[in-house]
1. Only one of (1) within 12 Å of the chain's Cα centre (by Cα); (2) of a type in the set (A, V, I, L, M); (3) under 17 Å from residue 152 (Cβ atoms) fails for residue 111. Which number is that?
2. Scan the range 89-136 for residues that are without any contact (Cβ under 8 Å) to a residue 60 or more places away in the chain, within 22 Å of residue 162 (Cβ to Cβ) and among the aliphatic types (A, V, I, L, M) and jot them down.
3. Only one of these conditions is not met by residue 51: (1) farther than 12 Å from residue 169 by Cβ; (2) of a type outside the set (Asp, Glu); (3) more than 21 Å from the chain's Cα centre (by Cα); (4) at pLDDT below 95. Which number is it?
4. Looking at the range 168-179 only, could you name the residues that are touching a Leu at 6+ places or on another chain (Cβ under 9 Å) and part of a helix (DSSP H, G or I)?
5. Considering each of 156, 182 in turn, give the residue that is of a type in the set (A, V, I, L, M, F, W, C), assigned to a helix (DSSP H, G or I) and under 15 Å from residue 104 (Cβ atoms).
6. Take the residues in the range 14-33 that are β-branched (Val, Ile, Thr) and under 15 Å from residue 2 (Cα atoms), then tell me which one is surrounded by the most Cβ atoms within 10 Å (Cβ to Cβ).
Amino acid sequence: MCPRHPDRVSYVRCQRCERPACPQCQVPAPVGVLCVDCARAASQAARGARTGLGFPRALGRPYVTIGIIVANVAFYVYGMGAGLSRWHATYGLWPALTDQEPWRWLTSGFVHGSLWHIGINMYVLYQFGSQLEQVMGRLRFGILYGVSLVGGSAAIQVLATPNSLHVGASGAVFGMFGAYGILLYKLKLPWQSMATTAGLWLAVGFFLPGISWEGHIGGLLLGTLTMGVMLRLVGQSPFTRVRR
């Protein structure tokens, strides 16, 4: 008889505790069938698991990454309704205006110039963000993204001409490039291809008009630095490789 439902006959036992489990109390698992109590205990233990780098593992969907993408898309839809030119002027980053309107350092990272612009940024964000979020945990990934975004804006403020307009999430995306490269090196995985790709994208910004190379540099530097600091805080030197 099922201990949780004494009026029901059970023909299956939990693979972990060997107690009978009726169909309502059976939870499929890779090792067979678990009862509700053992499945809950296994889930709690998995949530407390850490990666080989010392970060708590984020299981399930990359909610932070998806949330950032949804926010960017929703803000773009709002900009289309308000008029893209007016939207850019109101929320984009003008270095000459940040003293009076400092929120532009953040809002500019959610403003995009075209469907192609937001499409490529969101694609790369999901590709790298979902992996980083799983390895680092949701809180640390959110901090990494935010610092990279602000780092890109800070570099624009210092390096760009005062009356230039800068928009897009590419500064934060380059921060993820730097963080991902550090992880690949740390885990003894091939990182040269990643570094070459980021270097090519960075170089393109110096030759093609309309690309904010200043934001790319700032995001890359701050993202790389942030990942190094986080590895230090969990007792892992960013330049000492993990044994595999």
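1. Result: residue 111 passes all but (1).
2. 97, 106, 111
3. Condition not satisfied by residue 51: (3).
4. 171, 172, 173, 174, 175, 176, 177, 178, 179
5. Just a single option satisfies the conditions, and that option is 156.
6. Once the filter is applied, the top-ranked residue is 33.
Here is a yes/no grid of residues against (1) buried (at least 24 other Cβ atoms within 10 Å of the Cβ); (2) on the phi < 0 side of the Ramachandran plot:
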position	(1), (2)
126	no, yes
130	no, yes
140	no, yes
146	no, yes
157	no, yes
164	no, yes
188	no, no
216	yes, yes
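The values are calculated or read from the model by the stated rules, or taken from the named source; none is laboratory data. A quick note: this is a predicted structure, and the numbers were derived from the prediction, not measured. Here Cβ is always computed from backbone atoms with ideal geometry, including for glycine, and neighbour counts include all displayed protein chains.
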